[in-house]
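The values are calculated or read from the model by the stated rules, or taken from the named source; none is laboratory data. The shown structure was predicted, so the numbers you read here are calculated from the model rather than taken from an experiment. In this analysis, Cβ positions are derived from the backbone assuming ideal geometry, glycine residues included, and neighbour counts consider all displayed protein chains. Accessible surface is based on the protein model in full, side chains and every heavy atom, while ligands, DNA and RNA are left aside. Shrake-Rupley method; radii C 1.70, N 1.55, O 1.52, S 1.80 Å.
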Amino acid sequence: MSFISQRLSYFDSSDFRDAVRKQSELVNPIDLSIGIPEELTPEHIKAAGIRAINEDKTKYTPANGLQELRQAVAAKLQDENGVHCTADSVTIVPGLTTGQLLVYLAVLDPGDEVIVFDPFYPPYPHLASMVGAEVVYVSTLPTFQPDIPSIEASITDKTKLIVVNTPNNPSGAVYTESDLRKIAAIAEKHEILVISDEIYEHFVYDGKHFSIGSIYPNTITMNGFSKEHAMTGWRVGYIAGPQEVIDAINELQQYVVMSSSSIAQHAAMEALKHKPSPELVEKYHQKRNLIVGRLEALGYPVHGAQGAFYAFIKAPHDMTDVEFVERATEHGLVVVPGRAFSRLHGYVRLSYGADMQTIEKGLAVIEKIARELA
Ligand code: PLP
């Protein structure tokens, strides 16, 4: 007998639990698994957080966040992304992962269909299933770019949402403006909401980031501070969208989160005053070039990887993802089995959030495995 709800079955990772256990037993692993940037939170942002504590700005904020922060976010979205919004149509959330759940709770009824591109950031489908919605997967293989005819073909009269994530986790794909316009046209024709998760917007090496919310008003634009400002532990992000959706999220926030951290919000206000430096983006560009160059030299094709800090590659010699991950673990390298991000079982995800030295060590292991398999 178990006290645990059926809902938890949507997070089932039992088919790679063993592989993860072996990884966790490694001492000093070469870690190319986690989606965390190598940088530390910049000093001026930490100082703003410390100042907030010292000035006793430590109480609940309004459920939708501090007015000043919402205003700054709205200005950013207008100026940088062309997304029309006001401070009132922005809400602050304790990270986009919670934000994703809040959006789903606000707009989905059991039986509604949500289109998720495969591969995907794991919460997209699993949280949708958890709230009783049906997930309709649309494959983006082999290029990881959205397949417009397949998207159109997957629409039914129950489709409520299309989830878009560019730059993409785990593939690193950056979607073109032209494809995003086509997705917007489909959504408009069928009166469907779009979620656009843009958390990697500044990590773009090929192509250009385009916000679908700038052309389609029924877009729920989500972004945050975790990646670009190295603030994963501060737990703060934002959502902008149609007023009725934001109002519904705000009502939920009163019951679910009360408010996001006041300290993190003050730090986020400081973060918003600074765009990421070209040097930071260039550093990630160099890491991307190194990874892609070395993998392709081994004959491992890399699709996507135009942005974010991930490469999603096919395991060599028709190995399953878990077989490759276990082999890598034997050599002290930690990467993520692709089935965490996909219904496919032959891919692995490498993160180059890690520093150059770790990436070099990881690539040396992959080259060693390639020699063993040759
Ligand atoms: N969205 C995507 C696509 C991500 O890859 C991640 C983290 O890996 C998040 C959202 C999480 O954002 P947050 O830290 O704001 O919850």
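Taking the simple approach of a point 7 Å from Cα along Cα-to-Cβ for both Arg21 and Asp355, what is their distance in nm?
3.3
For the chain, give the magnitude of the charge dipole about the Cα centre (Cβ charges: +1 Lys/Arg, -1 Asp/Glu; no others), in debye to the nearest 20.
540
Before rounding to the nearest 500, sum -39500 (n - 2.57) across all DSSP H runs of length at least 4 in the chain and divide by the residue total; then give [θ] at 222 nm in deg cm²/dmol.
-12000 deg cm²/dmol
Starting from the amide H of Ile220, placed 1.01 Å from N in the peptide plane, find each other amide H under 5 Å away whose residue is 5 or more places distant or on another chain.
Close amide H contacts, sequence-distant or interchain: Val194, Ile195, Ser196.
May I ask you to give the solvent-accessible area per residue for the chain, in square angstrom, as obtained with a 1.4 angstrom probe?
Per-residue value: 44 Å².
Apply the Karplus curve 6.51 cos²θ - 1.76 cosθ + 1.60, θ = phi - 60°, to the phi angles in the stretch 149-157 and return the couplings in whole Hz, x for Gly and Pro.
Per residue, the Karplus-derived 3J(HN,Hα) values read x, 5, 5, 4, 5, 8, 6, 10, 6 Hz.
Label the stretch 1-66 by shape, choosing from rounded, prolate and oblate, from the square roots a ≥ b ≥ c of the eigenvalues of the Cα gyration tensor; if a/c is under 1.5 it is rounded, and otherwise prolate applies when a/b is larger than b/c, oblate when it is not.
The shape class here is oblate.
May I ask for the longest run of the chain untouched by trypsin sites (Lys or Arg not before Pro) that are loop-located per DSSP and have at most 13 neighbouring C-beta atoms (other than their own) within 10 Å?
By the stated rule (loop sites, at most 13 other Cβ atoms within 10 Å), 60-157.
Quick one, can you get me the convex hull of the C-alpha atoms of the stretch 89-200 expressed as volume per residue in Å³?
103
For the cross-link pairs Lys208/Lys275; Lys227/Lys287; Lys227/Lys273; Lys227/Lys275; Lys160/Lys182; Lys22/Lys227, which exceed 19 Å when the distance is taken from alpha carbon to alpha carbon?
Lys22/Lys227
What translational diffusion coefficient, to the nearest whole µm²/s, does the chain have by Stokes-Einstein, given a Kirkwood radius computed over alpha-carbon pairs, a temperature of 20 °C and 1.002 mPa s viscosity?
100
With bins 5 Å wide starting at 0, give me the P(r) of the stretch 34-98 over every alpha carbon pair, in whole percents.
Values per bin, smallest distances first: 4, 14, 15, 21, 23, 18, 6, 0.
What is the calculated FRET efficiency for Asp318 to Glu152, with r their C-beta to C-beta distance and R₀ = 30 Å, to the nearest 0.05?
Rounded to the nearest 0.05, the efficiency is 0.40.
Which whole-Hz ³J(HN,Hα) couplings does the stretch 82-90 yield from phi under the Karplus relation 6.51 cos²θ - 1.76 cosθ + 1.60, θ = phi - 60°, glycine and proline marked x?
Each residue's phi maps through the Karplus curve to give x, 8, 7, 7, 10, 4, 6, 9, 10 Hz.
So what's the gap between the Cα centers of the stretch 130-203 and the stretch 1-39, to the nearest angstrom?
So the separation of the two Cα centres works out to 27 Å.
Ordered by residue, what ³J(HN,Hα) values in Hz, to whole numbers, does the stretch 225-241 give under the Karplus form 6.51 cos²θ - 1.76 cosθ + 1.60, where θ = phi - 60° and Gly and Pro are x?
10, 4, 8, 5, 9, 6, 10, 4, x, 7, 6, 8, x, 8, 10, 10, x
Only loop residues by DSSP count here, and only those with at most 11 other Cβ atoms within 10 Å; note down the GluC sites (Glu not before Pro) in the stretch 1-77 that meet that.
Glu25, Glu55
Run the numbers for Glu177 and Lys368: contour at 0.36 nm per residue of separation, minus the present Cα-Cα distance, in nm.
64.8 nm
Nearest 5 is fine: what % of DSSP beta bridges in the chain come out antiparallel, could you say?
45
Note down the relative contact order for the stretch 273-374 as a percent, whole number, built from C-alpha pairs under 8 angstrom at least six residues apart.
Rounded, it is 26 percent for the stretch 273-374.
For the stretch 225-374, what is the Kirkwood hydrodynamic radius in Å, using each pair of distinct C-alpha atoms?
Averaging 1/r across every pair of different Cα atoms and inverting gives 18.1 Å.
So between Thr58 and Asn218, what do we pick up on full extension, going 0.36 nm a residue minus the alpha carbon distance?
Fully extending the segment from Thr58 to Asn218 adds 54.2 nm.
Provide the gained length on full extension for the span Lys208 to Glu251, in nm with one decimal, where the gain is 0.36 nm per separating residue minus the Cα-Cα distance.
11.9 nm
What nm value, rounded to one decimal, do you get for the distance between Asp12 and Glu244 when each label is placed 7 Å out toward the C-beta?
3.7
What is the Cα centroid distance between the stretch 212-247 and the stretch 73-120, reported in whole angstrom?
The distance from the Cα centre of the stretch 212-247 to that of the stretch 73-120 comes to 5 Å.
Calculate the spin-label point distance for Ser129 paired with Thr86, positioning each point 7 Å from the Cα along the beta-carbon direction, and give it in nanometres.
4.1
If you place +1 on the Cβ of every Lys and Arg, -1 on the Cβ of every Asp and Glu, and leave all else neutral, what size is the dipole of the stretch 180-320 about its Cα centre, to the nearest 20 Debye?
The dipole magnitude comes to about 480 debye.
With contacts defined as alpha carbon pairs under 8 Å and 6 or more residues apart, what's the relative contact order of the chain in percent?
25
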